[in-house]
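Comments concern the structure below.
The values are calculated or read from the model by the stated rules, or taken from the named source; none is laboratory data. Quantities reported herein were computed from a predicted structural model and do not represent experimental measurements. Cβ: placed from backbone, ideal geometry, glycine included. Neighbour counts: every protein chain shown.
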Amino acid sequence: MGKEIFCKECIIARGHPGVDFNKQGVCSLCEQIIPESCLDNYENNLKNCEMFYKFSPSEKDKYGCLLMLSGGKDSLFMLTQLLKDKKKPLAFTLDIPFESKTAKENIERAKSILDIDHISMSAYWAFKKMWKHIFMTAPNPQTAKLNSERICEACGNFIILSACFFAYKFEIPYVIYCADPSQVFFIYPDFKLTLEAMIDRVGVEVLITIFGEDVRAVLSEDNLNLPKIITPYVAMAEQYNAEEIINYLKKEGLYISSPIETHCSLWALYHYFAYKYYNCDADALVYAKNVRDGLIARNEMIEVTAELRDIYLEIAVKNKISQEEKTHIKKVVNKVTQNPREANWIFDQLLSMKKTADKLGIDLSAETK
Ligand SMILES: [Zn+2]
């Protein structure tokens with residue numbers, strides 16, 4: 001009897017980045033084996049947070065920390081807490097293409113209500129350059145690890161690096177990043193580690209073009225002199241309550257929600273490249289967890305991801321999508337989510353995937369390097 005491709009308990013396939021299988025055909029995630037590097041990330045996160053809680057800025061410090069303000073609920077709420085705790089935050093936003101309009105409006109609202117300083121940096125050129133590089137360069141299979149298929153994580157790292165380089169230049173000791181607790185094992189709570197991970201992904205030259213000679217300076221700098229990355233929500237894990245946060249912000253007039261929280265317009269593109277480079281869905285870990293938790297049937301999910309893969313690979317090389325194909329896509333998308341607004345949004349993203357690629361200067365029919 002040949003080996004089953006999929007884990008017996010969930011939908012993770014053999015060969016999935018960073019996942020091993022035991023003799024019984026069960027994956028290491030189902031066995032709750034967490035890679036050591038991920039555990040280190042978690043421990044370091046906690047240490048940094050404790051240090052930050054004890055820290056209070058001195059009289060002469062204009063700012064005690066740089067808060068990465070995306071305009072989402074988590075960063076808006078954290079801003080109010082940092083003000084309350086007198087941590088002297090400077091709000092920092094990296095203005096990137098494909099960001100939602102709602103997030104921008106939330107930031108404007110916060111500026112008019114709260115007593116804050118806010119820096120917005122435009123990064124269209126740098127961002128496009130980075131994405132083109134990431135999408136068009138096939139990753140090294142040797143360095144693939146758990147979560148590598150989340151190609152979109154590079155975007156988070158890019159934004160973190162932008163904030164860290166800013167804080168480094170202006171000697172602000174802490175950078176606050178409002179990652180949600182589900183990202184607990186995947187955040188590098190360290191400026192230099194984040195930089196090295198990006199160098200591994202896109203090469204040092206691209207980063208020097210974007211961030212300048214500070215890249216080399218940081219690599220040779222002692223860690224003590226670098227800003228520390230703080231991820232407060234990861235540290236509070238169990239107490240994190242999205243609903244409470246939203247209620248508080250709405251009461252303060254600080255928040256209007258968008259139809260779905262994940263509103264990145266590169267959604268379809270990074271899913272496509274996860275299938276292309278890693279032969280799995282970019283959300284495979286989430287889907288696998290849903291199967292494990294009994295929220296969806298295993299066979300059904302395996303079937304849906306196979307259908308999705310075919311859709312992505314086909315529409316990437318097609319100039320026109322027929323009515324019949326559209327109907328099929330809609331049917332499959334409706335199996336991915338129960339939320340009709342979300343399903344519509346995903347459907348639109350799929351249909352406009354090629355257009356989005358064009359905007360980035362990416363030719364989906366071209367061979368990658
Ligand atoms: Zn499994």
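The rows are residues; the columns are (1) touching a residue at least 40 places away in the same chain (Cβ under 8 Å); (2) away from the ligand (no atom under 16 Å from the Cβ); (3) not charged (D, E, K, R).
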| position | (1), (2), (3) |
| --- | --- |
| L224 | no, yes, yes |
| K228 | yes, yes, no |
| C280 | yes, no, yes |
| E303 | no, yes, no |
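Just one of G18, G25 is on the phi > 0 side of the Ramachandran plot, outside the structural domain of R309 (by TED's automatic domain parsing) and in contact (Cβ under 8 Å) with a residue 60 or more places away in the chain; which is it? Walk me through how you get there before you give the answer.
Working: G25 fails: in contact (Cβ under 8 Å) with a residue 60 or more places away in the chain.
None of the other options fit; the residue is G18.
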Does V234 count as of a type in the set (A, V, I, L, M), touching a Lys or Arg at 6+ places or on another chain (Cβ under 9 Å) and assigned by TED's automatic domain parsing to the domain that holds N44?
-> no
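Do the conditions hold for Y275, that is, is it among the hydroxyl-bearing types (S, T, Y) and free of Cβ contacts under 8 Å to residues at least 60 places away in the same chain? Walk me through how you get there before you give the answer.
Values: among the hydroxyl-bearing types (S, T, Y): yes; free of Cβ contacts under 8 Å to residues at least 60 places away in the same chain: yes.
Considered against the rule, which asks whether it is among the hydroxyl-bearing types (S, T, Y) and free of Cβ contacts under 8 Å to residues at least 60 places away in the same chain, Y275 comes out as yes.
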Just to be sure, is L219 of a type in the set (A, V, I, L, M, F, W, C) and at pLDDT 95 or above?
-> yes
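Only one of D281, D310 is crowded, with 22+ Cβ neighbours inside 10 Å, assigned by TED's automatic domain parsing to the domain that holds K335 and acidic (D, E); which?
Details: D310 fails: crowded, with 22+ Cβ neighbours inside 10 Å.
Sole residue among the options that is crowded, with 22+ Cβ neighbours inside 10 Å, assigned by TED's automatic domain parsing to the domain that holds K335 and acidic (D, E): D281.
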Test for F52: is it touching a strand residue (DSSP E or B) at 6+ places or on another chain (Cβ under 6 Å) and not in a loop (DSSP other than H, G, I, E, B) = yes
Odd one out for L90, checked against (1) within 14 Å of the ligand (Cβ to nearest atom); (2) surrounded by 13 or more Cβ atoms within 10 Å (Cβ to Cβ) | (1)
Flagged in segment 28-80 as free of Cβ contacts under 8 Å to residues at least 40 places away in the same chain and within 16 Å of the ligand (Cβ to nearest atom), in numbering order, are S28, E31, Q32, I33
Taking interchain pairs and intrachain pairs at least six residues apart, which have beta carbon atoms under 6 angstrom, with the first residue in segment 98-121 and on the phi > 0 side of the Ramachandran plot and the second at pLDDT 85 or above?
-> F98/L266
